[in-house]
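The values are calculated or read from the model by the stated rules, or taken from the named source; none is laboratory data. Just so you know, these numbers come straight off a predicted model, no measurement behind them. Because the Cβ atoms are built from the backbone with ideal geometry, glycine has one as well, and the counts that use them run over all protein chains shown. The accessibility values were calculated without ligands, DNA or RNA, using every heavy atom of the protein model including side chains. Shrake-Rupley method; radii C 1.70, N 1.55, O 1.52, S 1.80 Å.
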Amino acid sequence: SRLRTGRKMSGKPMIFDSHTHLPSEGWPGHKPWISTVAEAVAYLKAAGTDAALFNMWQGVFAETEEDLNQGNTAALDLAEKYAGFLYPGACIHPAFPQASRRWLERFRKLGFHWVGELVHYRKAYRYVDDAFLELVAECASGGHILQLHAHDDICEMARRFPELPVICSHI
C-alpha cells in the first residue's frame, strides 16, 4: 500500500505515531514540554518513529475561531514541510461549526482523513452534545477517522455512527 505521498511502504515494520500534538510556537494557550516543532520532529525521529499523525496544540485547545484556523493552517503547512513524515489531523470545534466543516472538507480534499486527537477536558461540550454530533456526522459522511481523548460518552457517540472509525486515546 502507499501513504498519501505516494511513498511505497517497503514491507518493513513501521512505527507510526498516531497521537502527536505539536507545539504552536508563539501561542500562549499551552506550554508543551517540547517548545519547537523542530525539536519535536527530532525527538520523534530519534525514537525511531517513521511517521506521525499530528495536530497542533492551538487547534486542540482552540478557544476562538482564529485559534482553530491558525492551528489547522499550521498543521497543513507542516505536513508540506515534512512531507512523508508528518500527516495532519484536522481539529474541529462545535462552537465554530462552519469553520470546522470547511476544515474537514479541505483536509479531505488534500487526502487527509484523520480528525483529532480531540480532548474534552478543556472544552465546554460533551461528545454527545447536538452541536458536536453534527460535526461527527460530517466526519462520518466525509470518510474521516475520528480520534478522541477518553471520556465516558464516547461509546454512546460511537453507537450513533457505526460506519465511523473512532480511535480512543487513553482508554
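A few points about this structure:
- Only one of the numbered conditions (1) of a type outside the set (A, V, I, L, M, F, W, C); (2) crowded, with 22+ Cβ neighbours inside 10 Å; (3) more than 19 Å from I145 (Cα to Cα) is violated by G59, and that is (3).
- Every listed requirement among (1) in a helix (DSSP H, G or I); (2) open to solvent by 60 Å² or more (accessible area, probe 1.4 Å) is met by E163 save one, (1).
- Where W27 falls short, out of the listed (1) closer than 24 Å to P165 by Cβ; (2) in contact with a Phe, Trp or Tyr (Cβ under 8 Å, 6 or more places away or on another chain); (3) of a type in the set (F, W, Y): (1)
- Any pair with Cβ under 8 angstrom, 6 or more apart, that starts in region 30-47 at a residue that is under 14 Å from L86 (Cα atoms) and ends at one that is open to solvent by less than 40 Å² (accessible area, probe 1.4 Å) and in a helix (DSSP H, G or I): V37/L78
- Selection status of L146, modelled with pLDDT of 95 or more, touching a strand residue (DSSP E or B) at 6+ places or on another chain (Cβ under 8 Å) and either assigned to a loop (DSSP other than H, G, I, E, B) or surrounded by fewer than 17 Cβ atoms within 10 Å (Cβ to Cβ) (or both): no
- Condition met for F54 (surrounded by 13 or more Cβ atoms within 10 Å (Cβ to Cβ), more than 20 Å from F112 (Cα to Cα) and under 14 Å from the mean Cα position of the chain (by Cα)): no
- Annotation note: Cβ proximity below 6 Å between a residue of region 117-138 that is under 14 Å from D153 (Cα atoms) and a residue that is modelled with pLDDT of 85 or more and assigned to a strand (DSSP E or B) (sequence gap 6+ or interchain) occurs for L118/L148; V119/H149; H120/H149.
- Region 1-30 - residue that is of a type in the set (D, E, K, R) and modelled with pLDDT of 90 or more and, of those, nearest to the chain's Cα centre (by Cα): D17
- Boolean, V136 is buried (at least 17 other Cβ atoms within 10 Å of the Cβ) and either over 16 Å from H21 (Cα atoms) or in contact with an Asp or Glu (Cβ under 7 Å, 6 or more places away or on another chain) (or both): yes
- Any hit, region 68-78, residues being part of a loop (DSSP other than H, G, I, E, B), surrounded by 15 or more Cβ atoms within 10 Å (Cβ to Cβ) and at pLDDT 95 or above: no
- Subset of region 108-126 that is of a type in the set (D, E, K, R) and open to solvent by 70 Å² or more (accessible area, probe 1.4 Å) - its residue that is farthest from the chain's Cα centre (by Cα): R126
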